[in-house]
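Take a look at the structure below.
The values are calculated or read from the model by the stated rules, or taken from the named source; none is laboratory data. What you see is a predicted model; the values in this text were computed from it and never measured. With ideal geometry, Cβ positions are generated from the backbone for all residues, glycine too; neighbour counts draw on all protein chains shown.
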Amino acid sequence: MKPEETVDYNFKVCWHAISRMYNSEAVKNDITTSIGFVLLNIDQQAGTPATKIAPLLGLETRSLTRILKSMEERDLIYKVSDPNDKRLVRIFLTEKGLEKKEVARRTVKEFNIKVREEIPKEELEVFFKVCSRIYGMIDNKEIF
């Protein structure tokens, strides 16, 4: 079987292309794709517990810690200890963080609009169904 005929190869190549595209937009706005995804997953009203962000993005805790530190240094976020549980830290966006979140939101939205204009709804539905099944197989340890 040729590499281009494997499922994982196609996922990887496609994701890397998307990632490069997002990164080129992120660089124009002085952020990274990773920072953009974190920004998109922070609830500004209630704050988002730091412990909830890594699983949402499929990141290791160490990686998220580095990203959050960088975001704090860039004045994109601030941390607040939960008044009910001092062990819990909630992440909030600064004014600058809100601006960058809007850039990330617009970028993701524009990409999705363009994809939906080019790929018929029925094909996307099949794609989402296949992705969901593959994820379920992996998550349920049906592979290996």
Could you give me the residue pairs with C-beta distances under 6 Å whose first residue belongs to the range 6-26 and is closer than 12 Å to Phe111 by Cβ, whose second residue is at pLDDT 95 or above wherever it lies, and which are 6+ apart or on separate chains? Glu25/Thr107
Filter the range 45-62 down to residues that are surrounded by 13 or more Cβ atoms within 10 Å (Cβ to Cβ) and assigned to a loop (DSSP other than H, G, I, E, B) and give me whichever is modelled with the highest pLDDT. Gly47
The one condition in (1) exposed (fewer than 11 other Cβ atoms within 10 Å of the Cβ); (2) not in a helix (DSSP H, G or I) that Cys14 fails to fulfil: (2)
Only one of Leu40, Leu68 is under 15 Å from Glu95 (Cα atoms), of a type in the set (A, V, I, L, M) and at pLDDT 95 or above, namely Leu40
Residues that are assigned to a helix (DSSP H, G or I), loosely packed, with under 13 Cβ neighbours inside 10 Å and not small (Gly, Ala, Ser), drawn from the range 19-31: Arg20, Val27, Lys28
Of Ser81, Ser34, which residue is modelled with pLDDT under 95, small (Gly, Ala, Ser) and buried (at least 18 other Cβ atoms within 10 Å of the Cβ)? Ser34
Hey, among Ile42, Ile31, Ile18, Ile35, which residue is within 21 Å of Phe127 (Cβ to Cβ) and not hydroxyl-bearing (Ser, Thr, Tyr)? Ile18
